[in-house]
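The values are calculated or read from the model by the stated rules, or taken from the named source; none is laboratory data. Quick caveat: nothing in here was measured; it's all calculated off a predicted structure. FYI the Cβ positions are ideal-geometry reconstructions off the backbone, even for glycines, and counts take in every protein chain you see.
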Amino acid sequence: MRNAAKCLLLISVACGLARAEVPRAVQPPTTLQVRAELPSQAGTTDLRFRDFFALPIGPRGLVPSERLLALAGQPVRVIGYMVRQEQPSAGILIVAPLPVVLGDEDESFSDDLPVTALYVHLADADRERGVPWMPGLLSFTGVLQLGAMSEADGRMSFVRLLLDPELSRAIVAAR
């Protein structure tokens with residue numbers, strides 16, 4: 001039985017079926033962790049993933065909700081899970097309403113990324129830094145930006161959050 005398992009492993013490695021090791025997790029900074037109901041933040045509006053697009057989806061596809069459009073350029077707070085990527089891009093992370101693991105090597109553009117995924121961009125001073133993956137429900141605050149944009153990972157985003165500089169520094173320091 002052991003020999004069969006070793007043979008299967010060798011075949012999968014030779015055929016490129018074995019996945020690359022996903023980067024290890026780091027403990028999220030306390031400022032990002034969500035452990036209970038969060039109180040409102042002065043000057044910041046809570047934005048939920050379900051508020052991104054109008055429902056029901058019509059014959060023309062996804063349409064930004066009135067709430068999303070009204071919050072463009074405003075400070076918002078979004079609570080979600082950091083998407084775990086095999087090869088994260090420097091200066092950005094992706095947040096989703098549920099835990100997601102992207103296997104970029106073999107899935108690329110046909111992956112499991114929800115349509116409501118939010119691209120979070122670190123502050124300008126931290127744009128060249130790598131972002132470690134952090135497990136659990138996390139809270140992100142920053143300025144909401146809308147519009148089609150090509151991201152560093154080759155995907156297109158429509159909804160982005162320009163992260164507060166203080167949170168950006170905390171994320172970079174978590175390494």
Exercise. Restricting attention to region 104-116, does a residue exist that is assigned to a loop (DSSP other than H, G, I, E, B) and touching a Lys or Arg at 6+ places or on another chain (Cβ under 6 Å)?
Worked result: no
Exercise. Across region 144-175, which residue is surrounded by the most Cβ atoms within 10 Å (Cβ to Cβ) among those that are assigned to a strand (DSSP E or B) and hydroxyl-bearing (Ser, Thr, Tyr)?
Worked result: 157
Exercise. Inside region 130-143, can you point out the residues that are surrounded by fewer than 16 Cβ atoms within 10 Å (Cβ to Cβ) and either modelled with pLDDT of 90 or more or more than 15 Å from the chain's Cα centre (by Cα) (or both)?
Worked result: 137
Exercise. Does residue 108 satisfy the criteria of being buried (at least 16 other Cβ atoms within 10 Å of the Cβ) and modelled with pLDDT under 90?
Worked result: no
For this session: Residue by residue through region 56-71, note down the ones that are in contact with an Asp or Glu (Cβ under 8 Å, 6 or more places away or on another chain) and part of a helix (DSSP H, G or I).
Result: 67, 68
